[in-house]
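Notes follow once the structure below has been shown.
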Amino acid sequence: MSTSPTRRATSAVVLTIATVFAGMLGPLQSLVNGHLGTALGDGHAAALVSFGTGLVLMLIIVLARARTRAAFFRLPGQLVRGEIPRWNFFAGLCGAVIVLSEGVTVGFLGVAIFQTSLISGMVISGVVCDRLGIGVPFKQAMSAPRVAGAILAICATVLVVSPNWSAPHMIALAIMPFVGGLLAGWQPAGNSEIGLLSGSMFISITWNFLIGFVALGLVYVVRMATAGAHFALPGTWWMYFGGPLGLLSIALMALLVRGLGLLLLGLASTAGQLIGSLLLEIVAPAAGSSLHLVTVLGAGVALAAAAIAMIPSRHTAEPAVLAQPAEVHRG
């Protein structure tokens, strides 16, 4: 019996390390989609490919079983009847913005700046959504730690883009993942509602991919008709792995949360995203870019912002802000 606490501590350490590695899949997905956007010369087309591969895999899983297949095909009717607030059905648009920003910006910014800007936006979004009661059973007060976390998130974004003050177009590119992070706060709430309505998170994830793919596809069709855009598929096999990497991350987080809980899961996955992005920036930097000390500092500030922002107020006992980086369903 005396070894039980030791075993529990060892198990927690192992699960935390596993979550850090699972968090690294996010930057790897960003790198793949960034290279895909560069190879195609079109970040929009890259987002379509990423969402398309994820959608195909999820459709295979969901349509293979009669129960999930029937529940999936009921969703359009439930949308029309408004069985849950209709905006929940369109949470996949957030993932579309994030994946689009990957294809457009990572090739120029690098993974580290992209991930730091994205996570900083998510921290702010989480604080605001908790205050408004979006995706949580009760509202959380805008406490001093949460405000401090949001301010630190803004500071982190400023730090990572500071080497590019003389290049306004680079700053504009860095704002794109930050905006994607700001939109991400309501996505887990929408996906959760769809999961409850359909009885399966597999269906929710599939619907998420479908909405994102359709939205991106419609806009691309408009571009083809008005601007002469031409769609092409990449010739390199690993460039099709953006969507599957996102699905693998979601699956791992769903398994690991049972052993860690939301608090440790969120912190460990955020750490994994930031550590992974810095390592990839060293191994595979964006063309013409280099890893600056302020980028490393900014990543550290973003992690601190996430940790501080998830401190619950007196009105709740179960914080959920840091679960968001792990739960955002990208293509």
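For this structure, a couple of remarks:
- Mean sequence separation of contacting Cα pairs (under 8 Å, at least six apart), scaled by the length of segment 32-91, corresponds to a relative contact order of 15 percent.
- Shown are PHE213, PHE51, whose ranking by accessible area with a 1.4 Å probe and every protein chain present, most to least, is PHE213, PHE51.
- Charge sum, other residues only, whose C-beta stays under 14 Å from GLY77's C-beta, Lys/Arg counted +1 and Asp/Glu -1: +2
- Relative contact order (%) - segment 1-115, alpha-carbon pairs under 8 angstrom, separation at least six: 42 percent
- With the simple model of a label 7 Å out from the Cα in the direction of the Cβ, LEU59 to VAL222 spans 2.3 nm.
- Taking label points 7 Å from Cα along the Cα-to-Cβ direction, LEU293 and PHE231 give a separation of 4.8 nm.
- Rounded to the nearest 20 debye, the dipole magnitude of segment 1-111 is 660 debye, with +1 charges on Lys and Arg beta carbons, -1 on Asp and Glu beta carbons, and the Cα centre as origin.
The values are calculated or read from the model by the stated rules, or taken from the named source; none is laboratory data. Just so it is clear, the model here is predicted, and its values are computed rather than measured. Ideal geometry is used to build each Cβ from the backbone, glycine not excepted, and the neighbour counts take in all protein chains shown. Note: areas computed on protein heavy atoms with side chains; ligands, DNA, RNA excluded. Shrake-Rupley method; radii C 1.70, N 1.55, O 1.52, S 1.80 Å.
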